[in-house]
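Let me begin by presenting the structure, written as structure tokens, before commenting on it.
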Amino acid sequence: MRRRIKEGFHGRQVSIGVRRDLSEPFTAPSARVPLAVRPFRTADLPALFPLTDAEIGAQEREDIAWRLEMVERGAFSSRCFVAVDERSDTPCHIQWLTEAGYSEVIRRAGALPTLGREEAMLENAYTPSAYRGLGIMPAVTALLAERAAVLGARHVVALIDEGNVPSLKGARRAGFWPYMVRVREQYCYGLIRSARFMPMQAAKPSD
């Protein structure tokens with residue numbers, strides 16, 4: 001009930017859909033710390049979301065917990081990856097690679113785009129505040145896109161809030177370009193929800 005009241009009578013969220021064509025050659029950017037990417041382990045959570053980190057809100061923790069639960073239930077065709085700082089083996093970034101075929105119920109609830117047979121989606125990228133500003137997100141995003149290519153994907157997509165300028169810049173560094181806009185709206189404290197996906201003119205100069 002408190003969460004619905006917080007949403008208010010009307011809310012609107014605009015996200016930018018970005019996409020990378022994996023058939024085009026691309027040199028992945030490097031982070032300013034040595035990184036290794038591996039599958040997520042439950043023991044990584046305290047380092048990724050320390051209770052003492054004031055920049056992590058309750059909503060962020062809830063979203064991550066929900067995402068992990070849905071993956072465990074098999075509602076997503078998804079793989080969760082973590083980047084670790086090789087100097088100390090400390091987890092410093094988390095991100096999901098989701099393939100076509102996830103639950104239609106989950107797609108609608110999360111207002112996610114329908115993925116084609118040769119598409120994959122990167123979701124819920126998060127870097128703890130202690131590791132921000134080191135170029136980790138674009139480096140890991142580019143590496144996970146390469147993993148998607150190995151799995152047979154031709155394109156990788158992601159959705160980024162229009163106000164999240166650092167992530168939009170990071171996606172550009174990872175080889176992603178805007179291709180659509182998603183507008184989510186809710187009315188009556190979340191009782192009525194809608195989502196629209198609208199194509200936009202490609203920003204890539206070669207298009």
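No lab work stands behind these numbers, since they all come straight from the coordinates. Computed from a predicted model, the values in this text were never measured in an experiment. Every residue, glycine among them, receives a Cβ derived from its backbone with ideal geometry; neighbour counts consider all protein chains shown.
Would the range 157-199 count as rounded, prolate or oblate if I go by the C-alpha gyration tensor, calling it rounded below 1.5 in a/c and otherwise prolate when a/b exceeds b/c, oblate otherwise? Write out the running numbers ahead of the final one.
Numbers: a/c = 4.19, a/b = 2.19, b/c = 1.91.
In terms of gyration-tensor shape, prolate.
Where does the range 122-202 land on Rg(C-alpha)/(2.2 N^0.38 Å)?
Values: Rg = 15.0 Å, N = 81, 2.2 N^0.38 = 11.7 Å.
Compared with the compact-globule rule of thumb, the range 122-202 sits at 1.28.
Can you give the calculated 222 nm mean residue ellipticity of the chain, where each DSSP H run of n ≥ 4 adds -39,500 (n - 2.57) and the sum is split over every residue, rounded to the nearest 500 deg cm²/dmol? Don't skip to the answer; put the middle values down first.
Numbers: 6 runs with 57 residues, N = 207.
So the calculated ellipticity at 222 nm is -8000 deg cm²/dmol.
For the chain, the Cβ-based charge dipole about the Cα centre amounts to some 440 debye (Lys, Arg positive; Asp, Glu negative; other atoms uncharged).
Projecting the Cα atoms of ILE16, ALA158, PRO199 onto the dipole axis of the range 6-199, where Lys and Arg carry +1 and Asp and Glu carry -1 at the beta carbon, places PRO199 farthest toward the positive end.
Take each of the peptides 137-144, 122-129, average the number of other beta-carbon atoms within 10 Å over its residues, and list them starting from the highest.
137-144, 122-129
Divide the volume of the convex hull around the Cα atoms of the range 6-199 by the residue count and you get 122 Å³ per residue. Phi angles of the range 109-116 translate, via the Karplus equation with coefficients 6.51, -1.76, 1.60 and θ = phi - 60°, into HN-Hα couplings of 5, x, 6, 9, x, 6, 9, x Hz per residue; Gly and Pro are given as x. Screening the chain for whole DSSP H helices with an alpha carbon extent of at least 18 angstrom along the helix axis and a mean Kyte-Doolittle hydropathy of at least 0.5 yields 136-150.
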